[in-house]
Amino acid sequence: MGTSPEDQENLQARLAKLTADLQSQREADRKETERKAQADSSGKNLGQAISLGFRVLTEFVGPIIVGALIGWRLDVWLHTAPFLLILWVGFGVAAGFRNVYRLAAPPLRRSGGEPPRQS
Amino acid sequence: MSEAGAPVLDPIHQFHVKVIAPLHIFGVDASFTNAALFMVIAALAVVVVMLIGTSSRNIVPSRLQTAAEAFYEFSQDMVRQTAGEDGMRFFPLVFTLFMFILACNVIGLWPYTFEVMAQIFVTATFAFSIIFLVVGYGVYKHGLHWFNVFKPSGVSPFMLPFIVPIEVLSFISRPVTLSVRLFANILAGHIMLVVFGGFVVMLLGAGAYALLAPLPLAGIVLLTAFEGLVAVLQAYVFAILTCVYLVDALHPGH
């Protein structure tokens, strides 16, 4: 074949240019999808963070209110006001912290994985 | 959302339960209300989507079939990951709950509809049924040993008088938090929507300030999108917590 070294060089150059173009295009595509995925997940993360925050709030406040109600009714019933109320509000606060702790430190139990069987 | 007209500035008006068809059975007020109507609509919507979606069983699914399969597989993964393989016996329950709450929330987002999940009686009924199911199934499966769930293993006997009430409280408060979370999220969102709608109306009627009226309108658009997210997310949270609580019925000893 009569391909002169010049032609050969030309071809090489075109090939290199094409490769570079393709590379940059791929890079741009990858960045685009990454950006999209990130935007997607940040929206999702925001929603999940909000719901988790609200969950922490309710899990903390719930036991306190329930404990206060129990203590109050027991006080009315046993005529020991206000000691049982104080005691049960204390239990409620402890249970609230326990719930929040359980939410924040899941590796021991719950949240996916098989819990260790005992029975 | 609220009807237009006089009660437009009353954000609570949208939650009034109105009797549609009075019905009293043995002195019990079992009237058919707008809440009941929208529960029926939501249930029918779920049934229709699932039945029509799964009726053809094409290998290349139609849109509705894709949706139905996506719902099914999503809930299946959720139950399997949270409650494990033997938690799958509760899958029908969790799936029904999830789909019903999702349908109620999504339908309730439309104007002139009624949001069932903004009634604490509805959410509390669900939550307490779940907890009674957990206790009932736990006792049925494990007998009285199930009550060891309140006694964490490896705690010294001196601490038990403190630990047991805490565990009992944290268990009793579960239906409360479960119902309040769903109820409060939905209620707050729907009130916000109507309040912002009220802002638009008030600004429009306030002379030169009418120029500001598009601001809360844009707020409504954003809020509606956000409420769509909340509607789905809260249904999901309710379902996944149901699974978490059911684990206690299956495996009381952690």
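Please treat every number below as a calculation from the coordinates, not as lab data. Keep in mind that what you see is a predicted model, and the values were worked out from it rather than measured. Every residue, glycine as well, gets a Cβ built from its backbone with ideal geometry; the counts of neighbours run over all protein chains shown.
List of remarks:
- Applying the Karplus relation 6.51 cos²θ - 1.76 cosθ + 1.60 with θ = phi - 60° to region B:60-70 yields 3J(HN,Hα) values of 9, x, 6, 5, 5, 5, 4, 4, 4, 5, 5 Hz, where x marks Gly and Pro.
- Hits among aspartates and glutamates - C-alpha to C-alpha of A:Lys17 under 17 Å, sequence gap 8 or more where chains match: A:Glu6, A:Asp7, A:Glu9, A:Glu27
- Crossing angle, helix B:120-142 versus chain B [Cα axis fit, 0-90 degrees, rounded to tens]: 10
- Neighbour cut-off at most 16 other Cβ (10 Å), DSSP loop, chymotrypsin sites (Phe, Trp or Tyr not before Pro), region B:75-131: B:Tyr112
- Largest-first ellipsoid semi-axes for region B:6-250, taking √(5λ) over the Cα gyration tensor eigenvalues, angstrom: 38, 25, 20
- Intensity falloff of region B:1-121 expressed as log10 I(q)/I(0), Debye formula with alpha-carbon point scatterers, at q = 0.10, 0.14, 0.15, 0.23 Å⁻¹: -0.45, -0.77, -0.84, -1.24
- Peptides B:36-44, B:199-207, B:103-111 ordered by average Cβ neighbours within 10 Å, highest first: B:103-111, B:36-44, B:199-207
- Distances between placed amide hydrogens fall under 5 Å for B:Phe32 paired with B:Ile20, B:Ala21, B:Leu23, all partners being 5 or more residues away or on another chain.
- Here is the tail figure for region A:7-106: Cα pairs spaced more than 16 Å apart come to 73 percent of all pairs.
- In order along region A:24-34, the phi-based Karplus estimate (6.51 cos²θ - 1.76 cosθ + 1.60, θ = phi - 60°) of 3J(HN,Hα) comes to 5, 4, 4, 4, 4, 4, 4, 4, 4, 5, 4 Hz; Gly and Pro are listed as x.
- Whole-Hz ³J(HN,Hα) from phi, Karplus 6.51 cos²θ - 1.76 cosθ + 1.60, for region B:107-114, glycine and proline x: 5, x, 6, 6, x, 6, 9, 10
- Extension gain, A:Trp77 back to A:Glu6 (0.36 nm per residue minus Cα-Cα distance, nm): 15.2 nm
- Summed over qualifying helices (DSSP H, 4 residues or more, each -39500 (n - 2.57)) and divided by its residue number, the protein assembly as shown shows a 222 nm mean residue ellipticity of -25500 deg cm²/dmol.
- For B:Lys151, a cut-off of 22 angstrom between C-alpha atoms picks up these lysines, skipping any fewer than 8 places away in its own chain: B:Lys141.
- In units of the compact-protein estimate 2.2 N^0.38 Å, the protein assembly as shown shows a Cα radius of gyration of 1.32.
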